[in-house]
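Visitor: Take a look at this one; I'll ask things after.
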Amino acid sequence: MANPQNIVKQNVDGAFFVDQTCISCSNCRDLAPQNFASAGDYFAVFNQPKTDSERAMSLDALVCCPVGAIGIQSENKGEYDIKKAIQLVPKEIANSSAKVFYLGFNSPDSYGGKSYFIKSGSGNWMVDSPKFTRHLVDWIKSQGGLSHIFLTHRDDVAQAGDYAKEFGAKRIIHRDDLDAEPDSEIVLEGVEPVSFDSNIIIIPQPGHTKGHCMLLFNEQFLFTGDVLTADKENKLAQGGYCWYSWKVQQESLAKLAQFKFSVTLPSHGRSVIATQKLMSEQLRAIIR
Ligand code: SF4
Ligand SMILES: [Fe+2]
């Protein structure tokens, strides 16, 4: 519960505020870019929501903040229905022909990384783990359960073990990041892509960590973990952190160029939605 006594001083006056428990994960800016921005050590509300759309997006940011650092001033609480906002998460990804969702409820254990849900005919998949919440468990049950939990890399395992136990789902991680989730049921080896079903390919992409992988669904959605994100112009860009090797990451991205995709879904930062041709050009520009 955010505390107005512990407010970040850069917040502008109004209903929404960020307090100093903020871990600067940037998720609020990703979800409500018109209203939240970085303010040095923390994020803050730099523009109070004015339209219905901005109010809805700011409520999404409040619900999905990994540490509950976003609050509504007590005099404004009657204007917002937080319980209803919770019911609106997970969110279906816009413009999708297949069913892919942002799960929300980012976990502080993955530094507020995003996780996703794929509705697939042969069983539903989770990509990286959110917080373990009763709301999400019930929602996943309503979608038919969970067969696989794909972990892009060691940083984003969060509560995957709890979800695996709840649903009997198989966790998938690369051998080189296995120590982060040692009980995983499926362990990937080497650097060759691995197909699951007819429409899912897991693509090893070492660099950010040694065992980092991406997942390609339907030749459309590329779950990019911490390697690819969006720049300020909403173009494809590399993430800012690399724990293993930038050189290896560059070599991995060169191999990624053989795959087609048109939507990127990162752990941190915003998605890019483009044509396959444009996406390919932006990836090649990064590789160059
Ligand atoms: S989502 Fe929460 S923790 Fe992350 S930057 Fe925003 S206020 Fe801070
Ligand atoms: Fe990471």
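The values are calculated or read from the model by the stated rules, or taken from the named source; none is laboratory data. A quick note: this is a predicted structure, and the numbers were derived from the prediction, not measured. Positions of Cβ are backbone-derived with ideal geometry, glycine not excepted, and every protein chain shown enters the neighbour counts. Just the protein is used for accessible areas: all its heavy atoms, side chains included, with ligands, DNA and RNA removed. Shrake-Rupley method; radii C 1.70, N 1.55, O 1.52, S 1.80 Å.
Visitor: How many of the residues making up the range 217-238 are open to solvent by 10 Å² or more (accessible area, probe 1.4 Å) and assigned to a loop (DSSP other than H, G, I, E, B)?
Guide: Counting residues in the range 217-238 that are open to solvent by 10 Å² or more (accessible area, probe 1.4 Å) and assigned to a loop (DSSP other than H, G, I, E, B) gives 9.
Visitor: How do the strands (runs of 3 or more DSSP E) wholly within the range 123-188 filter down when requiring 2 or more residues that are farther than 27 Å from Q87 by Cα and under 20 Å from the mean Cα position of the chain (by Cα): which remain? Even if it seems obvious, please write down each step before you answer.
Guide: Details: elements: 125-127, 148-150, 170-174, 186-188.
Ranges flagged: 170-174.
Visitor: Here's something else I'd like to know. Only residues in the range 106-121 that are without any contact (Cβ under 8 Å) to a residue 24 or more places away in the chain and within 11 Å of ligand 1 (Cβ to nearest atom) count as the first member; pair them with residues that are part of a loop (DSSP other than H, G, I, E, B) and open to solvent by less than 60 Å² (accessible area, probe 1.4 Å), Cβ under 6 angstrom, at least 6 apart or cross-chain, and list the lot.
Guide: Within 6 Å, no pair qualifies.
Visitor: Here's another thing I want to ask about it. So for the range 244-267 (the condition being on the phi < 0 side of the Ramachandran plot and within 16 Å of ligand 1 (Cβ to nearest atom)), does at least one residue qualify?
Guide: The first filter runs over the range 244-267 and keeps only residues on the phi < 0 side of the Ramachandran plot, leaving 244-267.
Narrowing further to those that are within 16 Å of ligand 1 (Cβ to nearest atom): 266-267.
Yes, because at least one residue in the range 244-267 is on the phi < 0 side of the Ramachandran plot and within 16 Å of ligand 1 (Cβ to nearest atom).
Visitor: Being within 24 Å of S267 (Cα to Cα), within 16 Å of ligand 2 (Cβ to nearest atom) and either surrounded by fewer than 16 Cβ atoms within 10 Å (Cβ to Cβ) or in contact (Cβ under 8 Å) with a residue 24 or more places away in the chain (or both), is that true of even one residue in the range 41-50?
Guide: No.
Visitor: While we're on this one: Got at least one residue in the range 194-202 being at pLDDT 95 or above, open to solvent by 40 Å² or more (accessible area, probe 1.4 Å) and acidic (D, E)? Give the steps one after another, and end with the answer.
Guide: First, pick out the residues of the range 194-202 that are at pLDDT 95 or above: 194-195, 200-202.
Right, trim to open to solvent by 40 Å² or more (accessible area, probe 1.4 Å) and you get 194-195, 201.
Checking which are acidic (D, E) leaves us with none.
The answer is no, given that none of the residues of the range 194-202 is at pLDDT 95 or above, open to solvent by 40 Å² or more (accessible area, probe 1.4 Å) and acidic (D, E).
Visitor: For V248, state whether it is surrounded by 21 or more Cβ atoms within 10 Å (Cβ to Cβ) and within 15 Å of ligand 2 (Cβ to nearest atom). Steps first, please.
Guide: Working: surrounded by 21 or more Cβ atoms within 10 Å (Cβ to Cβ): no; within 15 Å of ligand 2 (Cβ to nearest atom): yes.
When the stated conditions are applied, V248 does not pass them.
Visitor: May I pose another question? Looking at the range 88-136, which of its residues are in contact with an Asp or Glu (Cβ under 6 Å, 6 or more places away or on another chain) and either exposed (fewer than 15 other Cβ atoms within 10 Å of the Cβ) or within 25 Å of I201 (Cα to Cα) (or both)?
Guide: Keep residues of the range 88-136 that are in contact with an Asp or Glu (Cβ under 6 Å, 6 or more places away or on another chain), which gives 101, 110, 113, 115, 122, 128, 132.
Listed by number, the residues that qualify are F101, S110, G113, S115, S122, D128.
Visitor: Could you please find all residues in the range 70-126 being on the phi < 0 side of the Ramachandran plot and of a type in the set (S, T, Y)? Break it down stepwise before answering.
Guide: Let us first name the residues in the range 70-126 that are on the phi < 0 side of the Ramachandran plot, namely 70-94, 96-103, 106-110, 113-122, 124-126.
Within the range 70-126, S74, Y80, S96, S97, Y102, S107, S110, S115, Y116, S120, S122 meet the criteria.
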